[in-house]
Amino acid sequence: MIRNVIIIGSGCSGCTAAVYSARANLSPLLISGSEIGGQLMLTSDVENYPGFPKGILGPELMESMQKQAERFGTEIWTEYVEKVDFSKKPFEVTTSSGKTEQAHTVIISTGASAKWIGIPSEKKFFGKGVSACAVCDGAFYRGKEVAVVGGGDTAMEESNFLTKFASKVTLIHRRNEFRASKIMQDRAKANPKIKFMLDSVPEEVVGGETVEGVKIRNVKTNQVSTLPCTGFFVAIGHQPNTKVFKDQIKLDPNGYIITDGRTRTNVPGVFASGDVMDSMYRQAVTAAGTGCMAALEAERYLESLNHH
Ligand code: NAP
């Protein structure tokens, strides 16, 4: 059987692509990864997804999206994609259990994962004061002191954003020079609520039930101090999940899939949506939006095949 569409990934983007292509009678197969739901499974309250004035828990929102996709006939396989072959038509997608499926179109919605520093306490306090998304969690720190780690544009942007809520933001960076663009640096430096701790690395997040501070080592003096804070934001970049597509479609130097503004990749019939092609917005609602676009583009592409 040659499928109409295989969707890879089950975050907001993949689920939305599934809802749209299932409703278009394309009987999509969605290959979800080890767990359905993507990055929102790791957050608690989502307050900025339109339609939920009281907010909604990330996992609850994803369960609803999955049900909506299944309601219209999406088939879901809870496994990984291990290999793809886009060099021949129909395309081939091989899963971790060794099954190879053929499809006329593929939508890649494998997302991106936040990079973590790699200290054990960071995991322990994840969702209890440790976050990798200021836009998602910043509003919980009204009047509180928070810390941000990183020296790129993301760290500058998140620090600035957090000053809308926090009383003080300490930006911790491992060098004394920033990788961030000058304009973003200048903006952060001009913000009176942002303090800088340079040549410094976090050694341990400390607290009881939730974060109370972070132990920081100065890499030049080796002196260790504890910075009190209730929020600890890791902003050292994201890694798009594109390893299996590396030799099959065009990626940008950071590993994001290159699309043409209409979710089309350089391979006709292969589309990409959500964080795997978007390093800029990375929001649930934008991921859902591009998932919808990819499904409509896949439908359009399938129609063009039938006309030949
Ligand atoms: P990035 O530019 O790669 O910067 C990552 C930062 O985190 C670097 O300063 C790096 O330090 C630090 N870092 C990496 N690993 C670390 C570790 N284990 N411990 C401590 N620090 C660590 O990533 P990004 O800031 O996410 O930006 C990614 C891309 O998106 C860039 O091209 C950026 O321009 C773009 N972006 C643009 C905007 C905007 O224009 N509005 C906003 C956000 C992002 P070192 O410098 O020492 O390596």
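Among the listed pairs 123/215; 164/193; 83/246; 88/250; 54/168, which have their C-alpha atoms separated by more than 18 angstrom in this model? Long pairs (Cα-Cα over 18 Å): 54/168. Using only Cα atoms, tell me the angle between helix 12-23 and the longest principal axis of the chain; keep it within 0 to 90° and round to the nearest 10. So the helix axis and the longest Cα principal axis differ by about 20 degrees. To put it simply, the accessible area of region 1-105 at a 1.4 Å probe is 48 percent carbon and sulfur. Over the chain, all Cα pairs binned in 20 Å intervals from 0 give whole-percent P(r) values of 32, 50, 17, 0, listed from short to long.
Across the alpha-carbon set of region 228-308, the Rg to Rh ratio works out to 1.11, Rh being the Kirkwood radius. Measuring only protein heavy atoms, the 1.4 Å probe finds residue 34 accessible over about 80 Å².
The chymotrypsin sites (Phe, Trp or Tyr not before Pro) found in region 201-308 that occupy coil by DSSP, while having at most 14 further C-beta atoms within 10 Å, are 281. Which residues make up the longest stretch of the chain clear of GluC sites (Glu not before Pro) that lie in a DSSP loop with no more than 16 other Cβ atoms within 10 Å, not counting the sites? The reported range is 210-308.
Protein heavy-atom accessible surface, 1.4 Å probe, per residue over the chain: 49 Å².
Potential lengthening of the chain between residue 70 and residue 226 amounts to 51.2 nm, from the contour at 0.36 nm per residue minus the alpha-carbon distance. Spatially, region 245-296 and region 1-41 are offset by 14 Å when compared through their Cα centroids.
For the chain, the cysteines with no partner cysteine C-beta closer than 4.7 Å are 12, 15, 229, 292. Ellipticity at 222 nm from helices only: DSSP H runs of n ≥ 4 in the chain, each -39500 (n - 2.57), divided by the residue count, give -7500 deg cm²/dmol. Here the accessible area is traced with a 1.4 Å probe on the protein chains. For region 173-274, carbon and sulfur cover 49 percent of it.
The values are calculated or read from the model by the stated rules, or taken from the named source; none is laboratory data. All figures in this text were calculated on a predicted structure; none of them were measured in a lab. For neighbour counting, all protein chains shown are included, and Cβ atoms are generated from backbone atoms with ideal geometry for every residue, glycine included. Just so you know, the surface numbers come from the protein's heavy atoms only, side chains and all, with ligands and any DNA or RNA stripped out. Shrake-Rupley method; radii C 1.70, N 1.55, O 1.52, S 1.80 Å.
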